[in-house]
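Participant: Next up is a structure, given as structure tokens.
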Amino acid sequence: MSKIPSISTYVLPAAFLLIHSIAGAQTLATGDSRTVTQPSLPTVCQTLTAQFTTASRASPPTSDDTSRIQAALTSCAGTGHSVVLAASGSNNAFYSDSLTVSGEGLVIDSGVTLEGNNSYSSNAQLIDVTGTNSSIMGPGTIDGRGDIITGTPRLVQATNISNFIVYNVTLAQAAHPNLYVQGGSGFTAWDVSIRTPATRANADGIDIDSLTNATVYGSSIEAGDDGVAMKTNSANVSNVTISANSLYGTHGLSIGSIGANTVSNILFENNYVYGVDLDGNASTDANAINVKTDPCTLTVKQVSYINTCITQAKHLIIMNTDYASCSAGGSPTVSDIVVNGVYSTDSLSGAYTEIAGQNASYPVQAYLANVSLDATAQSSDKYATVYLDNSNDTPSGTGVTTSSFTTSGSVPSCSNF
């Protein structure tokens with residue numbers, strides 16, 4: 001099991017209101033509207049036993065397991081039951097080209113690894129997930145062999161899902177994003193370990209794109225790009241909870257990059273962000289709290305970062321509305337961004353925060369409370385309306401106004417550091 005971060009501070013009720021000294025009140029994001037509990041393994045439909053070992057990882061067998069794994073998955077499709085990949089004596093590995101999961105589970109048993117073979121590298125992904133009640137579970141490992149193969153396939157791609165669960169499994173060495181979920185409703189990642197080094201370009205940890213109701217809980221995420229990111233490539237994203245996770249060497253807890261549509265009701269709470277991966281490799285863009293939008297017509301609202309612990313990062317709190325270009329023009333509306341409870345330590349040389357809106361008509365609206373940063377430099381702040389309570393981070397710049405407000409809470413102790 002991955003270690004659940006320990007943060008000693010306060011607990012806020014879901015509908016907690018931030019009451020401030022000026023007109024109005026901001027509502028804390030409530031996140032996933034579902035009641036999410038620890039998943040359990042589905043009923044077994046079929047069990048397959050391994051014919052190979054991980055010793056062949058560098059040079060996979062030419063005759064692999066693709067056809068028999070896919071045949072089992074297809075026969076169990078739509079049942080919600082699982083195909084289990086199990087060891088057989090010293091044989092502990094399956095080698096496969098791309099696989100499709102549709103309404104069934106794929107369970108990688110203890111000590112077993114599903115290895116992506118060489119041929120899958122020219123495809124879009126190793127595992128393609130669709131349907132209702134699909135799942136990918138461990139406690140074994142899915143290895144994309146991204147350190148060996150050419151090409152940029154995703155490790156797991158889920159599309160238009162309903163009640164998709166990823167639980168107690170290790171996703172390792174993705175060539176591109178490890179786990180990308182786009183479209184649908186109801187996604188849970190619980191106690192997932194992601195092990196892709198900080199040096200792997202564009203290898204996001206978990207991307208949540210154009211869906212509603214998602215939870216990422218108690219997971220350990222080592223990745224070469226965003227640790228967890230909200231995206232809106234085809235539709236809005238809403239009602240998401242990212243809680244009690246540890247990120248290593250990533251580009252942070254991210255909104256974006258966003259070029260269209262709406263992000264709303266996103267709750268990040270009790271997360272740790274480390275600027276280096278588990279082998280000590282530095283993040284290539286050491287962000288922590290990271291809201292990044294393109295300068296397009298779009299909306300980001302009701303996003304709350306509650307109790308965030310940060311170490312060895314450079315970009316501590318970023319709200320950037322000029323992340324990329326926008327051919328259609330426009331201005332992003334970024335409002336109700338609440339950062340309550342942040343502690344940073346061992347920040348990199350030149351560390352800073354930035355809050356930058358598009359123009360005077362479209363300022364970023366942010367609330368900073370109980371913020372204790374070991375580096376308080378500002379970079380390129382502009383066009384922002386910021387409310388402050390017990391924060392040593394004070395934005396300033398063209399079009400930036402600050403006011404006080406009052407809220408509950410405290411600076412987190414971050415006892416894992």
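Participant: How high is the relative contact order of region 38-156? Use alpha-carbon pairs under 8 Å, at least six apart in sequence, and give a whole percent. Don't jump to the answer; show the numbers that get you there.
Facilitator: On the way: 282 pairs, mean separation 30.4, N = 119.
About 26 percent, as a whole number.
Participant: Based on alpha-carbon atoms only, what is the radius of gyration of region 113-152 relative to the globular estimate 2.2 N^0.38 Å? Write out the running numbers ahead of the final one.
Facilitator: On the way: Rg = 11.6 Å, N = 40, 2.2 N^0.38 = 8.9 Å.
Ratio of Rg to 2.2 N^0.38 Å for region 113-152: 1.30.
Participant: Might you work out the accessible area of residue 294 for me, using a 1.4 Å probe with all protein chains in place, and round it to the nearest 10 Å²?
Facilitator: So the heavy atoms of residue 294 present about 20 Å² to solvent.
Participant: Quick one: which residues, 5+ away or cross-chain, put their amide H under 5 Å from the amide H of residue 371? H built at 1.01 Å from N.
Facilitator: 341, 342, 391, 392
Participant: Okay, next question. If contacts are Cα pairs under 8 angstrom and at least 6 residues apart, what is the relative contact order of the chain in percent?
Facilitator: Relative contact order here is 11 percent.
Participant: Mind listing P(r) for the chain? All alpha-carbon pairs, 10 Å bins, whole percents.
Facilitator: 5, 23, 32, 22, 12, 5, 1
Participant: Further question: Rounded to the nearest 5, what % of the DSSP beta bridges within the chain are antiparallel ones?
Facilitator: Working: 7 of 149 bridges.
Approximately 5 percent, going by the DSSP bridge assignments.
Participant: Per residue of region 372-377, in order, report the coupling 6.51 cos²θ - 1.76 cosθ + 1.60 (Karplus, θ = phi - 60°) as ³J(HN,Hα) in whole Hz, putting x for Gly and Pro.
Facilitator: My calculation for region 372-377 gives 10, 10, 7, 9, 10, 5 Hz in order.
Participant: Same structure again: If you place +1 on the Cβ of every Lys and Arg, -1 on the Cβ of every Asp and Glu, and leave all else neutral, what size is the dipole of the chain about its Cα centre, to the nearest 20 Debye? Present the calculation step by step, with values, prior to reporting the outcome.
Facilitator: Values: 13 positive and 30 negative charges, 73 e Å.
Computed about the Cα centre, the dipole is about 340 debye.
Participant: I've got another one for you. So what's the net charge close to residue 148: Lys and Arg +1, Asp and Glu -1, counting the other residues with Cβ under 14 Å from its Cβ?
Facilitator: Numbers: positive: 57, 145, 200; negative: 115, 143, 147.
Charge balance in the 14 Å sphere: 0.
Participant: From largest accessible area down, sort 285, 191, 374; use a 1.4 Å probe on the protein chains. Please report the intermediate quantities before stating the final value.
Facilitator: Details: 285 50, 191 10, 374 80 Å².
If we order 285, 191, 374 from most to least accessible, we get 374, 285, 191.
Participant: In vacuum, with every alpha carbon of region 182-231 counted as one equal point scatterer, what does the Debye formula give for log10 I(q)/I(0) at q = 0.20, 0.24, 0.26, 0.31 Å⁻¹? Two decimals, please.
Facilitator: So the normalised log intensities work out to -0.67, -0.89, -0.98, -1.13.
Participant: So, one more: Arranged from highest to lowest average of other beta-carbon atoms within 10 Å per residue, in what order do the peptides 341-349, 403-411, 156-164 appear? Each step should come with its number before you reach the end.
Facilitator: Values: 341-349: 19.9, 403-411: 15.8, 156-164: 21.7.
Most protected by this proxy first, the peptides run 156-164, 341-349, 403-411.
Participant: Expected output is a single nm value to one decimal: the length gained when fully extending between residue 402 and residue 46, i.e. 0.36 nm times separation in residues minus the C-alpha distance. What is it? Mind showing how you got there, number by number?
Facilitator: Details: separation 356, 0.36 × 356 = 128.16 nm, distance 6.09 nm.
Roughly 122.1 nm would be gained on extension.
Participant: Sequence-distant or interchain residues sharing an amide H contact under 5 Å with residue 251, placed H: which?
Facilitator: Under 5 Å from the amide H of residue 251 lie the amide H atoms of 225, 226, 227, each far enough along the sequence or on another chain.
Participant: Ok, one more. What does the charge count around residue 383 come to, taking other residues whose C-beta lies under 14 Å from its C-beta (Lys +1, Arg +1, Asp -1, Glu -1)?
Facilitator: Details: positive: 382; negative: 322, 354, 381.
So the surrounding residues net to -2.
Participant: With angles folded into 0 to 90 degrees, how steeply does helix 66-76 sit against the dominant principal axis of the chain? Use alpha carbons for both and round to 10.
Facilitator: The two axes meet at around 80 degrees.
Participant: On to the next question. Taking the Cα centroid of region 210-277 and of region 292-308, what is the distance between the two, rounded to the nearest whole Å?
Facilitator: Using only Cα atoms, the two centres lie 11 Å from each other.
Participant: Arrange the peptides 72-81, 325-334 so that the one whose residues have, on average, the most other Cβ atoms within 10 Å appears first.
Facilitator: 72-81, 325-334
Participant: Counting each pair of different Cα atoms once, what's the Kirkwood radius of region 112-263 in Å, rounded to one decimal? Before the final figure, lay out each step's value.
Facilitator: Values: mean 1/r = 0.0673 Å⁻¹.
Evaluated on region 112-263, it is 14.9 Å.
The values are calculated or read from the model by the stated rules, or taken from the named source; none is laboratory data. Values in this document were obtained by computation on a predicted structure and should not be read as measured data. Here the Cβ is made from the backbone with ideal geometry for all residues, glycine too, and neighbour counts use every protein chain on show. The accessibility values were calculated without ligands, DNA or RNA, using every heavy atom of the protein model including side chains. Shrake-Rupley method; radii C 1.70, N 1.55, O 1.52, S 1.80 Å.
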